[in-house]
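The values are calculated or read from the model by the stated rules, or taken from the named source; none is laboratory data. Worth saying up front: this structure is predicted, and the values here are computed from it rather than measured. Quick reminder, even Gly has a Cβ in these numbers, built from the backbone with ideal geometry, and neighbours come from all protein chains shown.
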Amino acid sequence: MEKIVECIPNFSEGRDQAKLDQILDEIKSTGVELLDQEKDYDHNRAVVTFVGEPEAALEAAFRAIKKASELIDLTKHRGEHPRMGATDVVPFVPIKNVTTRECIELARRLGKRVAEELKIPVYLYEDAATRPDRQNLANIRKGEFEGLREEIETNPERHPDFGEPKIHPTAGATVIGARFPLIAFNINLNTSDVGIAQKIAKTIRFGSGGYRYVKSLGFMLKEENRAQISCNMTNYTKTPLYRVFEAAKREAQRYGTSIKESEIVGLVPERALIDTAIYYLQLDRFSEEQILEYKLHGKAGKQSIMDFLHVLALAKPTPGGGSVAALQGAVGTALLSMVTGITVNKTKNKELKDFHGFLKLTAFEFYKFIDKDKDAFDGVLTAFKLPDGTEEEKKTKETAIQNAYKHAARVPFEVCKKVLFVYPYAKILAQKGLKHAISDVGVALYSLNSAFNSARVNVLINLNSITDEGFNRFIRTELDSLKTQEKAFYEEIENTFLTKL
């Protein structure tokens, strides 16, 4: 099962692109996907976003910290934004098939390695914090590089979580942690009076009695001769963007000024923007299904069901049964999402509310396995076409074929596991879903059951061609265990929904 972690390191360099490029090269060398980079001249700071498998993300973060320590000298650094390290802060964020606990472990492993190999003291923050007062980044960064340089050796309260209580002479100290997706949200005022920005920031931030999930400071944008309120929105689902924007607007009017513009630094979850649009346009009956791009399944790189059926019916080996298994899983999960949505709308059942978005996302993940399965078996066909004129070529070809078959077995195996992951939700919906939609739960169950069995036979057919006995034995044992679990789940859910039918 593919695991994806997001990492958003902040570097104390927002003016020299050549230096940033060297840091980005280190990140890209590990195979992670670089999503975004934002730099600010006045803040003299860059925010980089990348995603990847957990181990690759950890390695990319370490290499970036190492390169930043070679290029950035905090004794010469000047900027509006608070900072204590060349790499100032490195949060890990769980995105897909990864828990917060796993991100905390990544933060701890990275912190230990940075301290030991680079001699940079490391503090853990947010969910990875070892002390309540270190959950808040501002508490750790108090005094910035210059202040910490004096206190780290003399004040036990400022000793790091990893490394000796001694500042790195040029790279400072680094804060590493795990957290919920954060939105860097700035509000620029029509005034050069930074005092006004600081007063508004104090009003809206949680630490001064403001909104629970807001951290904010007032800055001066010297290039624009304009005051800015810089906010970190630590949980946009509980304190939305529009709520903070409206509060800042009212406070600005109080001081005789107004908002010129707002900006988002780095990436932002789509949901945050949709919620803001709904609020300002008063779209009380708006549905995401009204978004045009969501409907372009045959366009913009997305394949429609009709497109898929047309290709499936051709006299070609791919797509085949494995892709159909993935489609069945997607259909069943999407149907459960529908039942969740109408149940919540009718009954206001808070327990089911969080199911809706999760099941929609899982349906799309199943959908991706349609192409994954096709690509996997295409890899087998490609391996069979390799030259085999010499003994060395024969060995290379046989190795490639075996590796391709293993990959072709793993893909439907992941589909089997994903079905088991959805069944608990089907069980709860069979018990608590809207009664007149109970037949839809049944159809979803049968689709998921078919997805499991269809994927299972695709695993087995590929195992027959694999000569690695250890691999074969492991996958067959796991598959037997999954089959036992699937049978128990299936029978229990079927009995529940048939009783209510």
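Going by the structure shown, is D354 over 25 Å from M338 (Cα atoms), surrounded by fewer than 17 Cβ atoms within 10 Å (Cβ to Cβ) and not aliphatic (A, V, I, L, M)? It is false that D354 is over 25 Å from M338 (Cα atoms), surrounded by fewer than 17 Cβ atoms within 10 Å (Cβ to Cβ) and not aliphatic (A, V, I, L, M).
Just need a number here: residues in segment 228-239 that are in contact with a strand residue (DSSP E or B) (Cβ under 7 Å, 6 or more places away or on another chain) and either assigned to a loop (DSSP other than H, G, I, E, B) or among the β-branched types (V, I, T) (or both). Break it down into steps so the answer makes sense when it comes.
First pass over segment 228-239, keeping only residues in contact with a strand residue (DSSP E or B) (Cβ under 7 Å, 6 or more places away or on another chain): 228-234, 236, 239.
Applying the additional criterion that residues be either assigned to a loop (DSSP other than H, G, I, E, B) or among the β-branched types (V, I, T) (or both) yields 229, 234, 236, 239.
Total meeting the criteria: 4.
For I72, the criteria (1) touching a strand residue (DSSP E or B) at 6+ places or on another chain (Cβ under 6 Å); (2) more than 30 Å from K418 (Cα to Cα) hold in every case but one, which is (1). For segment 123-172, the set of residues classified as within 20 Å of S69 (Cβ to Cβ), touching a residue at least 60 places away in the same chain (Cβ under 8 Å) and not aliphatic (A, V, I, L, M) consists of E144, F145, H168, P169, T170, G172, listed by residue number. Listed by position, the helices (runs of 4 or more DSSP H) contained in segment 129-227 that have at least 3 residues being assigned by TED's automatic domain parsing to the domain that holds S262 are 194-204. Could you say whether any residue in segment 358-369 is of a type in the set (A, V, I, L, M), touching an Asp or Glu at 6+ places or on another chain (Cβ under 9 Å) and in the same structural domain as G433 (by TED's automatic domain parsing)? No, there is no match, as no residue in segment 358-369 is of a type in the set (A, V, I, L, M), touching an Asp or Glu at 6+ places or on another chain (Cβ under 9 Å) and in the same structural domain as G433 (by TED's automatic domain parsing). Checking segment 94-107 against the condition returns a match, with at least one residue being outside the structural domain of K249 (by TED's automatic domain parsing), in contact with a Cys (Cβ under 9 Å, 6 or more places away or on another chain) and crowded, with 22+ Cβ neighbours inside 10 Å.
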